[in-house]
Amino acid sequence: MIVVAIDGPAGSGKSTVADALATALGVPHVDSGAYYRAATLAVLRAEVDPTDVDAVTAVVGRVAIDRVDGRTLLDGEDVEDDIRGATVTANVSAVAAHPAVRDLLLVAQRSGIARDGGVVDGRDAATRIVPDADLKVWLDADVEERGRRRALQAGEPERLDHHIADLHRRDAADATQMVRADDAVVVNTTGLSLDHVVATVADLARTAAGGS
Ligand code: CDP
Ligand code: CDP
């Protein structure tokens, strides 16, 4: 059983790399950001101001968020598609900034890891969610390259400037919770193919697990 933490800014490739690595290692992929996205959807549905700490904490304290087979469930409803939209993305950093919300979601994010292991991706996976991980990786890339990836992902390469500006905003909004562990291996993915990054991180994981 192995536990790997992968952190880094938006568009650095965390979730794609974590997914491929989890499959290769035969352990679950724990997408910690999905919990913040589902909490944000609950807050928006309740028509609560994302900066109102008491109201936000009350909403998040009332809902159950689960991940089953790569899908995100909010009180049992599959909200995987809804949580990836622009409205949730624009509000998620404000919800995630509340320490009380982070405490509430930590238990759910950790559930199952002690039993099954996992590849956990996020902003504070290595420092907070699984501080005893066998391997900690910090993925990074220039903001221009991350913007290109996001624009391609959204199917709108002509809106590159919009996506770069969006990443600047989210990097700033996430700065407090985006913590690089002292013992993380830094992988700068600028100019590297996804296959190359996955192979590099898989090699690191094999070494951490005691393989060749
Ligand atoms: O994939 P992307 O980097 O765009 O975002 P995500 O991993 O789905 O995370 C969405 C948001 O949740 C981030 O922008 C952070 O505000 C928050 N988050 C966090 O605070 N801590 C984590 N461990 C994971 C996500
Ligand atoms: O989770 P995070 O926001 O860090 O990034 P992601 O959603 O996993 O990846 C952003 C996009 O960049 C995906 O479409 C990847 O296929 C692409 N990409 C990458 O992640 N790494 C590379 N070295 C090259 C492309």
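Give the order of Met178, Met1 when sorted by the count of other beta carbons within 10 angstrom, beginning with the fewest.
Lowest to highest Cβ neighbour count: Met1, Met178.
Taking the Cα centre of the chain as reference, the dipole from Cβ charges on Lys and Arg (+1) and Asp and Glu (-1) amounts to some 240 debye. Label sites at Ala209 and Gln153, each approximated as a point 7 angstrom past Cα along Cα to Cβ, lie 2.6 nm apart. Simple spin-label estimate for Glu144 and Arg84 gives 2.8 nm between the two label positions (7 Å along the Cα-to-Cβ direction from each Cα). Could you tell me which of Leu192, Val53, Ala24 has its Cα farthest along the dipole of the chain towards the positive end, charges placed at Cβ (Lys, Arg +1; Asp, Glu -1), taken about the Cα centre? So the residue we want is Ala24.
Note on the chain: helix-only mean residue ellipticity at 222 nm, from DSSP H runs of 4+ residues weighted -39500 (n - 2.57) and normalised by residue number, equals -15000 deg cm²/dmol. Calculation over all alpha carbon pairs of the stretch 31-111 in 10 angstrom steps from 0 returns a P(r) of 20, 60, 20, 0 percent.
In terms of its alpha-carbon gyration tensor, the stretch 94-212 comes out oblate; a/c meets the 1.5 threshold, while b/c is at least as large as a/b. The H on the amide N of Asp142, modeled in the peptide plane, is under 5 Å from the matching H of Thr190, each at least 5 residues off or on a different chain. Taking 0.36 nm per residue of separation and subtracting the current Cα-Cα distance, fully stretching the chain between Arg71 and Ala55 would add 3.1 nm.
Among residues other than Val56 with Cβ under 13 Å from its Cβ, the summed charge is -2 (Lys and Arg +1, Asp and Glu -1).
For Ser111 and Leu160, calculate 0.36 nm times their separation in residues minus their Cα-Cα distance, and state this gained length in nm to one decimal.
Details: separation 49, 0.36 × 49 = 17.64 nm, distance 3.77 nm.
Here the segment from Ser111 to Leu160 would lengthen by 13.9 nm.
When the alpha carbon coordinates of the chain are projected onto the principal axes, the ranges are 52, 44, 30 Å, largest first. Of the GluC sites (Glu not before Pro) found in the stretch 1-87, the ones in coil according to DSSP and having at most 14 other Cβ atoms within 10 Å of their Cβ are Glu47.
Throughout, read-outs are computed from the coordinates displayed, never taken from laboratory work. Just so you know, these numbers come straight off a predicted model, no measurement behind them. Glycine also receives a Cβ, built like all others from the backbone with ideal geometry; neighbour counts cover every protein chain displayed.
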